[in-house]
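Shown next, in C-alpha cells, is the structure this report addresses.
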Amino acid sequence: MTTPAPESSIDPEEVARYTALADLWWDDQGPFWALHTLNRVRTRYILERLCHYLGRDPNADRPLDGLTMLDIGCGGGILSESMARLGARVHGVDVTGRNIVVARMHGEHAGLPVTYEEVSVETLAGRDTHYDVVLNMEVVEHVADLPGFMQACNRLLRPGGYGFIATINRTAASFVAAIIGAEYILRWLPRGTHQWKRFPTPDELEALLTPDGLEVIERTGVRGNPFNRRMSLAGYMGVNYMLMTHKPGPRLS
C-alpha cells in the first residue's frame, strides 16, 4: 500500500472558510449551535459504545480514563473537551491554525489537559503514532482526497482500537435536508458549508476501511427536529449517520 503524500487531503478553500468562523466556535447560539447540539448526541453515543465493548461503567466519574484519543478536525475543541471530561487523554488536531488557538484558549480556561496541534493526519501518520480511539467527526465531507485521508486515519488507530466516523450520506434526502433545508431555509449552517458531491455513502467509507483491516461494528443514523432544534439517534441513515469501527488486535484495557 502506498503512503499518501503529506497534506494531500487539505482543501485551501475549506481552511479559509473555517478560519473566518473560528472565533464563533464556542457561541452555542451562533453559526455552530447545531454542532453543540449534535455534540451532546455523539458524546453519549461514543461513551456508551466504548463502555459496552470495553466492559466499563458509563456512569463512572471518569469512564474513559486512560484511553488515548485522537480528535481529527477538532475545530474549537467542543468534542475534545467532552472526551477529556470523561477521562480520555485527548490529542485534538486541525489544519486551521485559528481553530487551534481558540481550542487551546478555551481548554486552558476550562482547566482541561487536552493537547492541541495544527497538523494534518498525513503528517501525523508519518510519525508512526497510534491511538486507542480515533474520532473522525464531520470531517470526511470536507477533504480533497478522501482515500488518502482515510488511509492516514486508519494507520493512526492501534490494533485493538476503535474508530468513530460521523458524516452525511449522499442521497436525495440529504441534499434536501443538509443543503437546501439546513443552509438555505432554516439557516442552521452558513451557506456553502457543505458540498453534496463530497458526502460519502456508508458503503464508500467501508470500502476505504477494509484494506487496512478495519471493520464496521456499529452504525446509526442521526435525525434533527427543525421545530425544537433537537437531535437524536435514529435507524434511518439517509442523511446524517455515524459508524463505529474496530481494528482487530489485543483487547484494550
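Can you compute the helix-only [θ] at 222 nm over the chain? Use -39500 (n - 2.57) per DSSP H run of at least 4 residues, normalise by all residues, nearest 500 deg cm²/dmol. Working shown, then result.
Values: 7 runs with 78 residues, N = 253.
Dividing the helical sum by the residues of the chain leaves -9500 deg cm²/dmol.
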**Item:** Residue (of Leu112, Met137, Gly163) at the positive-pole extreme of the range 90-177, dipole from beta-carbon charges
**Value:** Gly163
**Asked** Given springs between every Cα pair under 10 Å in a Gaussian network model of the chain, which of Gly87, Gly148, Gly213 has the largest fluctuation?
**Response** Gly213
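What does the charge dipole of the range 112-239 about its Cα centre add up to, to the nearest 20 debye, if the Cβ of each Lys and Arg holds +1 and the Cβ of each Asp and Glu holds -1? Write out the running numbers ahead of the final one.
Working: 12 positive and 15 negative charges, 139 e Å.
The dipole of the range 112-239 has a size of about 660 debye.
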**Asked** Say each of Asn59 and Phe227 gets a label point 7 Å from the Cα, pointing the same way as Cα to Cβ; how far apart are those two points in nm?
**Response** 3.3 nm
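Within the range 7-93, which GluC sites (Glu not before Pro) sit in a loop by DSSP and count at most 16 neighbouring Cβ atoms inside 10 Å? Kindly include the intermediate steps, with their values, before the conclusion.
Values: sites: Glu7, Glu13, Glu14, Glu48, Glu81; in loops: Glu7.
The qualifying sites are Glu7.
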**5 angstrom amide H check on Tyr236, placed H, neighbours 5+ away** = Gly221
**Fill in**
With +1 at each Lys and Arg Cβ and -1 at each Asp and Glu Cβ, the charge dipole magnitude of the chain around its Cα centre, to the nearest 20 debye, comes out at 680 debye
**Item:** Linear extension gain, Thr123 paired with Asp27, 0.36 nm per residue minus alpha-carbon span
**Value:** 31.5 nm
**Request:** Determine ³J(HN,Hα), in whole Hz, for all residues of the range 84-98 in sequence, where each value follows from phi through the Karplus function 6.51 cos²θ - 1.76 cosθ + 1.60 and θ = phi - 60°; x replaces Gly and Pro.
**Result:** 5, 5, 8, x, 6, 8, 9, 10, x, 10, 7, 9, 9, x, 5
**Request:** Using only Cα atoms, locate the centre of the range 142-166 and the centre of the range 56-74, then give the distance between them in Å, rounded to an integer.
**Result:** 18 Å
**Item:** Under Karplus coefficients 6.51, -1.76 and 1.60, residue-wise ³J(HN,Hα) of the range 144-149 in Hz, glycine/proline x
**Value:** 7, 10, 5, x, x, 5
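Over the range 38-185, what is the relative contact order in whole percent, taking alpha-carbon pairs under 8 Å and six or more residues apart? Spell out each step's value before the answer.
Details: 226 pairs, mean separation 28.4, N = 148.
It comes to 19 percent, rounded to a whole number.
Can you tell me the relative contact order of the chain? Whole percent, Cα pairs under 8 Å, sequence separation 6 or more.
Values: 489 pairs, mean separation 47.7, N = 253.
Relative contact order comes out at 19 percent.
Read the figures in this text as sums done on the coordinates, not as results from a lab. Note that the structure is a prediction, hence the values are computed from the model and not measured. Methodologically, a virtual Cβ is constructed for each residue, glycine included, from the backbone with ideal geometry; neighbour enumeration extends over all protein chains shown.
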